[in-house]
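> Here you go, one structure.
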Amino acid sequence: MAAWLGLAVAAPLRAGRTRENILFVSGRVAPLLLCTAYVAFLARYWGSTPGGGFQSLEAVQILFAAPGKMLGAWTHFLAFDLLVGRWLVDDASSEGNSRLPLVIALPATFLFGPLGVLLYLAGRALLSAKRARAQ
C-alpha cells in the first residue's frame, strides 16, 4: 500500500530529485522486494500441492488451496501490478501525455490490475484524440 501511495504522490510532482526518489523506492525497490519474496515463496512451497498445476481450472484450484501457494500468487500479483503502476506513471509523465488518466487508473490497477491498464489506455487515447483535433 505504501508503494502505491508513493506512486500516487509522485505522479503529479514536477521532475526533480524528490519525485525521482519517491518513484525509485515505490516503483523499483518495492517491486524488487516483492519479486524476491515471490521467489522465496516459490522455492519454499515447490511441490507442496500434488495434483496442482496450470493445465486445468481444477489443477489451479488444487494448487491455490495451499496457503503457501496462495501467498506466492498474491505476492506475484502485488509485484506485477506495482510494476505496471510504475509504467503508467512513467508513460503519463512522458512528453505529450496527460497525467489525468492516472487519477482513475492507479487505484483501478491496484484493485483490479488489467482493468486499470485498460482505463489508462482509453483515457490516454481520448485525450490524444482531443489534442489532435485541437491542432
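> Restricting to region 95-111, what's the tally of residues that are closer than 20 Å to THR75 by Cβ and among the polar types (S, T, N, Q)?
Number satisfying all stated conditions: 1.
> Here is a follow-up. Working only within region 1-18, note down all residues that are within 21 Å of LEU33 (Cβ to Cβ) and free of Cβ contacts under 8 Å to residues at least 60 places away in the same chain.
MET1, ALA2, LEU5, GLY6, VAL9, listed by residue number.
> Now, a different point. Could you say whether any residue in region 24-36 is touching an Asp or Glu at 6+ places or on another chain (Cβ under 7 Å) and over 25 Å from ARG131 (Cβ atoms)? Even if it seems obvious, please write down each step before you answer.
At the first step, the residues of region 24-36 found to be touching an Asp or Glu at 6+ places or on another chain (Cβ under 7 Å) are none.
Within region 24-36, none of the residues are touching an Asp or Glu at 6+ places or on another chain (Cβ under 7 Å) and over 25 Å from ARG131 (Cβ atoms).
> Something else: Can you tell me which residue among LEU33, LEU78 is touching a Leu at 6+ places or on another chain (Cβ under 9 Å) and assigned to a helix (DSSP H, G or I)? Step through it out loud before you land on a result.
On the way: LEU33 fails: touching a Leu at 6+ places or on another chain (Cβ under 9 Å).
Only one candidate qualifies: LEU78.
> Find all pairs meeting these conditions: Cβ atoms under 9 angstrom apart; at least six residues apart or on different chains; first residue within region 112-135 and over 26 Å from HIS76 (Cβ atoms); second residue among the charged types (D, E, K, R) and surrounded by 11 or more Cβ atoms within 10 Å (Cβ to Cβ).
Note: pairs meeting the criteria are ARG124/ASP91.
> Any idea which of VAL103, VAL60, VAL39 is closer than 23 Å to ALA125 by Cβ, in a helix (DSSP H, G or I) and without any contact (Cβ under 8 Å) to a residue 60 or more places away in the chain?
Numbers: VAL60 fails: closer than 23 Å to ALA125 by Cβ; VAL39 fails: closer than 23 Å to ALA125 by Cβ.
Result: VAL103 is the single residue among VAL103, VAL60, VAL39 that is closer than 23 Å to ALA125 by Cβ, in a helix (DSSP H, G or I) and without any contact (Cβ under 8 Å) to a residue 60 or more places away in the chain.
> Suppose we filter LEU71, LEU42 for residues that are closer than 20 Å to MET1 by Cα and surrounded by 14 or more Cβ atoms within 10 Å (Cβ to Cβ); which single one remains? Give the derivation first.
Working: LEU42 fails: closer than 20 Å to MET1 by Cα.
Going through LEU71, LEU42 in turn, the sole match is LEU71.
> Could you figure out which of (1) part of a helix (DSSP H, G or I); (2) among the hydrophobic types (A, V, I, L, M, F, W, C); (3) surrounded by 14 or more Cβ atoms within 10 Å (Cβ to Cβ) isn't true of LEU115?
In the conditions (1) part of a helix (DSSP H, G or I); (2) among the hydrophobic types (A, V, I, L, M, F, W, C); (3) surrounded by 14 or more Cβ atoms within 10 Å (Cβ to Cβ), LEU115 misses (3) alone.
> Just to verify a result, which residue in region 4-34, among those that are small (Gly, Ala, Ser) and surrounded by 14 or more Cβ atoms within 10 Å (Cβ to Cβ), is nearest to SER98 (Cα to Cα)?
Here is the first cut: in region 4-34, the ones small (Gly, Ala, Ser) are 6, 8, 10-11, 15-16, 26-27, 30.
With surrounded by 14 or more Cβ atoms within 10 Å (Cβ to Cβ) added as a condition, the list becomes 6, 8, 10-11, 26-27, 30.
Numbers: GLY6: 19, ALA8: 14, ALA10: 14, ALA11: 11, SER26: 21, GLY27: 19, ALA30: 25 Å.
Restricting to residues being small (Gly, Ala, Ser) and surrounded by 14 or more Cβ atoms within 10 Å (Cβ to Cβ), the top hit is ALA11.
Read the figures in this text as sums done on the coordinates, not as results from a lab. Keep in mind the model is a prediction, meaning the values are calculated, not measured. We place every Cβ from the backbone using ideal geometry, glycine too, and count neighbours over all the protein chains shown.
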